[in-house]
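Please read the structure below before turning to the comments.
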Amino acid sequence: TFNFMDIPELIGLCRGVLADGKISVTEAAYILDWMNERPDLRENWIASDLYKLLVKVLGDGELSAVEQAELTGLLEKVIGDPVTLVLH
């Protein structure tokens, strides 16, 4: 059964990942693992989109600049705030 309290927790995780303006493979994998423990969360459209993107971008174990930008854009939608992405 879908737990609505998972949404605020997901938003908090996304905010934490975006806090420093960088997204690491470890951070993205943590969110994916967290979502894997809550399969019912994927009934929510934004969580479903995020899950699919995380699976896709983590498929090779690396995050390219393009994948980081795509993931940042979706995380911004989840949290409702734009952030500045730092690439290096």
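Computed from the coordinates by the stated procedures, all read-outs in this text should not be read as laboratory data. Because the structure is predicted, anything quoted here is derived from the model rather than measured. Note that each Cβ is placed from the backbone with ideal geometry, even for glycine, and that neighbours are counted across all protein chains shown.
What to note about this one:
- Helical content alone sets the calculated 222 nm signal of the chain at -19000 deg cm²/dmol, taking -39,500 (n - 2.57) per DSSP H segment of four or more residues and averaging over every residue.
- Here is the size of region 1-72 from its Cα atoms: Rg then Dmax, 11.7, 36 Å.
- Efficiency of FRET between ALA69 and ASN36 - r from beta-carbon atoms, R0 30 angstrom, step 0.05: 0.80
- Charge tally in the Cβ shell below 11 Å around ARG42, where Lys, Arg are +1 and Asp, Glu are -1, ARG42 excluded: -2
- Theoretical FRET efficiency, 1/(1+(r/R0)^6), r = Cβ-Cβ of ALA29 and ASN3, R0 25 Å, to 0.05: 0.70
- Mean separation of Cα contacts under 8 Å (6+ apart) over length of the chain, as relative contact order %: 38
- For GLU27, net neighbour charge (Lys/Arg +1, Asp/Glu -1) across residues whose Cβ lies under 14 Å away: -2
- Top positive-direction residue, dipole computed over the chain with Cβ charges, set GLY12, LEU75, TYR51: LEU75
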